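Quick notes on the structure that follows.
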Amino acid sequence: MIERLVTELGPWTWWVLGLVLLTAEIILPGVFLIWIGLASIVVGIISLLMWGDALWTWQVQILAFAVLAVIFAIAGRRIMTRYGNETDEPLLNQRSASLVGRTATLTEPISEGRGRIRIDDTMWIVAGPDSPVGTRVRIVESDGRELRVEPV
């Protein structure tokens, strides 16, 4: 079946496959299919240049596609890790880390090093020096679920 498809459509097989993969990347973005789609298009370009060559059989084409897909996927991963982490909201999904520097009023006293504050609609466990209810504190550190505070 693959042999018949490649023989009948010729180099356009790889172009069609590449466009299908690129379209799938647009519909279901995951930054993965784009590299495989580009590998298919490159094999299509090579096929246009080498179509009459006896060496360029469908098995060689599939092997070239597989090798190029792996190479492009590895190169794409390196490119995305190098340039893909830039954001204007680096703490978007780290809510407690985004609170560092804010001030709040203690809703429960800090006794034995633990207390509570309310920020927006959430009660947070805080650690710091013992202080009575109503003391203004500044958040200086976050370890995920607990905030370290100091009196303002």
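Computed from the coordinates by the stated procedures, all read-outs in this text should not be read as laboratory data. Since the model is a prediction, treat every value here as computed from it, not as a measurement. Cβ placement follows ideal geometry from the backbone for every residue including glycine, while neighbour counts extend to all protein chains displayed.
What number, rounded to the nearest 500 deg cm²/dmol, is the helix-based mean residue ellipticity at 222 nm of the chain, given -39500 (n - 2.57) per DSSP H run of at least four residues and division by all its residues?
Computed mean residue ellipticity for the chain: -15500 deg cm²/dmol.
What list of ³J(HN,Hα) couplings, whole Hz, do you get for segment 104-115 from phi and the Karplus terms 6.51, -1.76, 1.60, once you set θ to phi - 60° and write x for glycine and proline?
Per-residue couplings from phi come out as 8, 10, 5, 9, 10, x, 8, 10, 6, x, 10, x Hz.
Note down the Stokes-Einstein diffusion coefficient of segment 101-152 in µm²/s, whole number, using a Kirkwood radius over alpha carbon pairs, 4 °C, and 1.567 mPa s.
Numbers: Rh = 10.3 Å.
For the chosen part, D equals 125 µm²/s.
Each label point is 7 Å from the Cα along the Cα-to-Cβ direction; what then is the distance between the points at residue 51 and residue 108, in nm?
Those two pseudo-labels are separated by 7.5 nm.
In percent, how large is the relative contact order of the chain, given Cα pairs closer than 8 Å and 6 or more residues apart? The partial results should precede the final answer.
Working: 218 pairs, mean separation 22.8, N = 152.
Once divided by the residue count of the chain, the mean separation gives 15 percent.
Cα axis of helix 12-27 to longest principal axis of the chain: angle in degrees, 0 to 90, nearest 10?
It is inclined by approximately 10 degrees.
Give me a comma-separated list of calculated 3J(HN,Hα) values for segment 56-69, in order, Karplus coefficients 6.51, -1.76, 1.60 applied at θ = phi - 60°, integers in Hz, x for any Gly or Pro.
8, 7, 5, 5, 5, 5, 5, 4, 4, 4, 4, 5, 5, 4
Which far-off residues, 5 or more places away or on another chain, put their amide H under 5 Å from the one on residue 116, with H placed in the peptide plane?
Correct list: 107, 108, 126.
So who's got an amide H within less than 5 Å of the one on residue 135, skipping anything under 5 residues away but keeping other chains? H placed 1.01 Å off N, in plane.
When sequence neighbours closer than 5 places are left aside, the close amide H contacts are 106.
Checking the a/c ratio against 1.5 first, then a/b against b/c, what shape does the Cα gyration tensor give for segment 12-55?
On the way: a/c = 4.66, a/b = 2.88, b/c = 1.62.
The shape class here is prolate.
Using alpha carbons only, how many angstrom separate the centre of segment 121-144 from the centre of segment 36-70?
62
Convert each backbone phi in segment 135-146 into a coupling constant with the Karplus relation 6.51 cos²θ - 1.76 cosθ + 1.60 (shift: θ = phi - 60°), then list the ³J(HN,Hα) values in order as whole Hz, x for Gly and Pro.
These are the phi-based 3J(HN,Hα) values: 6, 7, 10, 10, 7, 10, 7, 9, 10, x, 10, 10 Hz.
Which far-off residues, 5 or more places away or on another chain, put their amide H under 5 Å from the one on residue 56, with H placed in the peptide plane?
none
Among (i) 16; (ii) 42; (iii) 52, which one is percent of Cα pairs over 28 Å apart computed from these coordinates?
Entry (iii).
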